[in-house]
Structures are given as structure tokens and as C-alpha cells.
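The values are calculated or read from the model by the stated rules, or taken from the named source; none is laboratory data. Everything quoted here is computed from the prediction, not taken from an experiment. Cβ atoms come from the backbone with ideal geometry, glycine included; neighbour counts cover every protein chain shown. The accessibility values were calculated without ligands, DNA or RNA, using every heavy atom of the protein model including side chains. Shrake-Rupley method; radii C 1.70, N 1.55, O 1.52, S 1.80 Å.
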Amino acid sequence: MLKCIGMAGNRSGKSSNAKGLWRFALIIATVGISCFSVTCAAEQNRVGIAVCSTTQVADFVRQVVGDRWEVQSVLTPGSDPHTYQITPADVQLVKNATLCFENGLHLEGADWMKNLAADAGKKLVTCTDRIQPIMIEEEGQAVPVRDPHAWFDPANARIYVLNILDAVVAADPDHEREYKARTELYLGQLRNLNAWIIKQVNALPRERRVLVTSHDAFNYFCKAYGFESAAPEGWSTGAEVGAGVTPASRAKAIESIRKFGVKSIFVETSVNPEVIKQMASEAGVQVGGSLYSDSMGPPGSAGETYLGMMRENVLTIIQALE
Amino acid sequence: MRPLLSFIMVVAILGGVQLYMTHRPRVVAYQAEPDAVAEGEFRLEVTLSFAAGPDPFALELEDAPSLLVLFRGQPVLHRTNAIPGGQVIVSDPVDGIVQGQNEFFVQATCANDASLTANAIRVRILRDAVVIAEQTFWSEPGEAIQGALNVTVPPESSAEATVQE
Ligand SMILES: [Zn+2]
């Protein structure tokens, strides 16, 4: 009898287990289908693929297009745009693009993004169009060159975003209102960022506003916020324009450190830190930290967006120099 | 018993509502008295301590005001060009100033290179060439100046106006 009850109990246990399993499977299937349909809906709403040269440009594009476009960046966080060598995967990426975006002003060494877009027959938007570039006089160069690191002034970031807006609206006029609304919101965030940076920088005595970094990427930042800048590597890290550390440029940077009584100098996330570390020990100053320069931070880091990158840089600079 | 009790309660509630609706005091539309226009010639003067320029973060720079003064929702001054510091910008005459409370909304944006410092803007209201109200507005560095000048204008031209800070 007991055995019989036991068996019956076992059977009913099995059947309730099976029911539970079925219910669980049903829930999983429903959730799965819902997620799949949400993803599909988001993908169906997409009107194009934007392929961008750098992480900064990709972030600006993302702020304008939202989920309406798929946004891809050729460079990954931490890569150097001056020395980048294109790969077959980049060629494929650009082939699938609706629109391509570059920084311009020869940030992309040997114009690799221009060449990629031209080879694939894709329209290329240069985000620095209409920006008044800072001219740099490089040692050994007959004519001054245009500094490509224009995004470091938030007022220039506005021009990047407006160039992107124009191109996106031309490609997809049906969603003009939506793109303009996102852009306006983002411009408000740039305005707040600018006011915040001014507030932070104003707390730093004027004589301490000297920024020594690996390469000359911070001229726009320095001009906007009243800093002096010095860098041993010149405006590009690549040898294509005769850049790179020369004994003369290194000596000049060390002289600047001593002349201005600089407390700290900075390494950059996309440039080999060794030169700066050696210079710091030679000049008897400390390395103040790492700045995001030609590339933003990896996903999950504070520097994964332009706003975050600028905020982190300013905090690092102020803490090291005050 | 219970259905009867429920029925009585429903009747009581509905009856109460009906009674209130029929006997509530009537809402009479408030007839605003038109404000009496203040006598005299009014003039607005604005002086900036800094160079003003269109908002460097505006979506459309052409429409972005460098200086804007609104009175009763209408622009009394609206400039989109660069304005050098120290220049007095005038609106003369200013029409529609009434006896009693008048509010002027003032907004000015700094040209980019002037935005590292705190800036000020001086606003004066003159009645028959006599200053009746003046106020200075300050901005934090990097931010636009925004403020409201609240001035109470007396009926007689000779009496002094008051400004609510
Ligand atoms: Zn660079």
C-alpha cells in the first residue's frame, strides 16, 4: 500500500515537474520572442548604417541619429588615427555603409578614411568643415599645418554635430524633426560642459595652466580655456608628416616644463607613454595621469562618450596641476 | 436586508451629488480690469560689461540672440549681431508700460572669448528722461545672463518707481 502510494506520489511529482518545465519553457519562449521582436522592430526602424573613422566622430553621430541608424567606428578605443593601417574588415565595413564620416584635417594619417570611402564609392562627410583651424608651425616644415584635434573645444564639437545633422537630414529627410530635437538636446549638454569646464579651470591659478602631453593634441582645449601647451611629438604621432620625437622637440618640451615650473605632465590613452615617463624623470616632475586624446575610452569606462572623456580629462588635469 | 441597504446608500450618495450640483455657487468669470497705461515717455537702456555674441551652442546661429529684452512677451530689444562691451543699447520709446507692476525679461550671451570671466549687464528704465529704475544682472563664467527686472510704476510722473530685487 505504502509502495503504491509512494509510486503514485512519485508519478504525480513527475507530472508536476513536467508541468513546471513546460511552464518555464513557455515563459522563456515568450520572453525570447518578445525580445526578438523588439530587436527586429528596432532594426526594422533603422534607416541606414553610419561608418565613422574615430570613436569621437562615432559618438557625435550617435547623439544625432539615436537608434535610427546603426553606428560603427573603424577605430576601436585606444587606437591612434595618425598611424592606423586599414584592414580587409574595414573595407567590408565601409562597403555596407550608407554614409561615412571622418574627422578630416588629416587626423586620419595618409587620409585613410577618404581612401576607404572613395574606393567603396560612398559619400564621406568631413566633420571639421566650417571649423576655423589652429595653424601649427612645425619644426622643419615650410608652411604651417592645420591642427586636426578640433573636438577639444566644445564650441567646435557643436560644428561637428551640425555637419553630421546636415548630412543625416539630407540622407533621411523624413526624420528631420527627430534628428534636430536630439541635436538641440546635445548642444545644451555641450553648453553645460563648457560652463562646467570654465568653472573648474577658473579654480586653477593662471600660472599653473600649462599642459604638457605626449603629442600636440590639446591646442584647441588650451586656446579655449587659457592654457599654455607643449608636446615633444608635434601635432601627429605618425612619421608621414615628419612628426615623431626629435632631440630638439624633446629638449624644447623639457625647457617649457622648467620655464613654466610645471608640476605634472600627462600621458595619453592612444599614445605610447614611455617618452613622457622618461621626460618626467629627466625634468624632475610627476606624471599627472592619463588623458583621453585621439580616442575615447572603452565601453563601460568614464571616457566612453565625448562628454565623459572631456570631464575625466579636466578632472585629471585640475587634480594634477592644482 | 443587504440589497435594500445598498440601494439606500446608492440613492443617498447620488442624491447628495445631485443636490450639491444644483445648489453649488455659480462660477462667475473674472473680468480683469485693463491696466491703466502710465503717462510719460519711457526709454530702456542696456549696458554690457562684456562683448556679447550669439550663443556659441545654438542650433541655428542666425536666429540666436546676443541680446534679448522681452516686455509682455514681446521683444523690446532683439540683437543677433556681436555687441562690443560698454556700448549703451537703447530702445526708445517703450510702449505699453502700465501703472503698477511691469516685468522686463533680460538675456545676453557672451562672445566665446569673453566667457572665462563673470559678466554683468546694467538695465535702466527712464521716464521722461529721468531714471526710474535700474538693476545689474550677473552671470557665472561661461553662462548666459538671464534675469527679470520688476518695476512698479506709480501713476504720477514725479513719483518714484520701485524695483523688486
Ligand atoms: Zn593626434
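See the values below:
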quantity: Table column - 3J(HN,Hα) (Hz), region A:92-104, Karplus curve with 6.51, -1.76, 1.60, x for Gly and Pro; calculated: 5, 4, 5, 4, 8, 6, 8, 9, 10, 10, 10, 6, x
quantity: Listed residues B:L59, B:L4 arranged by accessible area, highest first, probe 1.4 Å; calculated: B:L4, B:L59
quantity: Heavy atoms of A:K123 accessible to a 1.4 Å probe, total area in Å² rounded to 10; calculated: 120 Å²
quantity: Label-point gap, in nm, between B:V90 and B:E156 - each point 7 angstrom along Cα→Cβ; calculated: 2.9 nm
quantity: Inter-centroid distance (Cα atoms) of region B:46-79 relative to region A:255-272, Å; calculated: 41 Å
quantity: Heavy-atom accessible area ranking, 1.4 Å probe, most first, across A:D80, B:D63, B:D128; calculated: B:D63, B:D128, A:D80
quantity: Qualifying GluC sites (Glu not before Pro) for region B:26-110 [loop in DSSP, other Cβ within 10 Å: at most 12]; calculated: B:E60, B:E62
quantity: Residues with amide H under 5 Å from that of B:G100, placed H, sequence gap 5 or more; calculated: B:V153
quantity: Probe 1.4 Å - accessible area at A:T246, Å² to nearest ten; calculated: 50 Å²
quantity: Helical mean residue ellipticity (222 nm; -39500 (n - 2.57) per DSSP H run of 4+; nearest 500) of the protein assembly as shown; calculated: -13000 deg cm²/dmol
quantity: Amide H contacts of A:L291 (H built 1.01 Å from N, under 5 Å, at least 5 apart or other chain); calculated: A:V267, A:E268, A:T269
quantity: Calculated from backbone phi, Karplus (6.51, -1.76, 1.60) coupling profile of region B:54-71 in Hz, x at Gly/Pro; calculated: x, 3, x, 10, 6, 5, 10, 5, 4, 9, 6, x, 8, 9, 9, 10, 10, 10
quantity: Separation in nanometres of the label points that stand 7 Å from Cα toward Cβ, at A:F260 and B:Q101; calculated: 5.3 nm
quantity: Electrostatic dipole magnitude of region A:205-321 [Cβ: Lys, Arg +1; Asp, Glu -1; Cα centre; debye, to 20]; calculated: 520 debye
quantity: Relative packing of peptides A:111-121, A:169-179, A:288-298 - highest average C-beta neighbours within 10 Å first; calculated: A:288-298, A:111-121, A:169-179
quantity: Fully extended contour minus Cα-Cα distance, from B:R24 to B:V131, at 0.36 nm per residue; calculated: 33.4 nm
quantity: Rounded accessible area of A:L93 (nearest 10 Å², 1.4 Å probe); calculated: 40 Å²
quantity: Members of A:K199/A:K223; A:K252/A:K277; A:K199/A:K252; A:K95/A:K123 lying beyond 21 Å, as alpha-carbon distances in this model show; calculated: A:K199/A:K252
quantity: Per DSSP, loop trypsin sites (Lys or Arg not before Pro) in region B:65-165 with at most 15 further Cβ within 10 Å; calculated: B:R72
quantity: Relative contact order, percent, region A:48-194 [alpha-carbon distance under 8 Å, six or more residues apart]; calculated: 23 percent
quantity: Relative contact order %, region A:94-171, counting alpha carbon pairs below 8 Å whose residues are six or more apart; calculated: 29 percent
quantity: Rounded if a/c under 1.5, otherwise prolate or oblate - the protein assembly as shown, Cα gyration tensor axes; calculated: oblate
quantity: Euclidean distance between Cα centres, region B:120-135 to region A:159-185, Å; calculated: 43 Å
quantity: 3J(HN,Hα) from dihedral phi, region A:71-83, Karplus parametrisation 6.51/-1.76/1.60, rounded to Hz, x for glycine, proline; calculated: 10, 10, 10, 5, 7, 9, x, x, 7, 9, x, 5, 10
quantity: Residue-normalised accessible area of the protein assembly as shown, given per residue in Å² at a 1.4 Å probe; calculated: 52 Å²
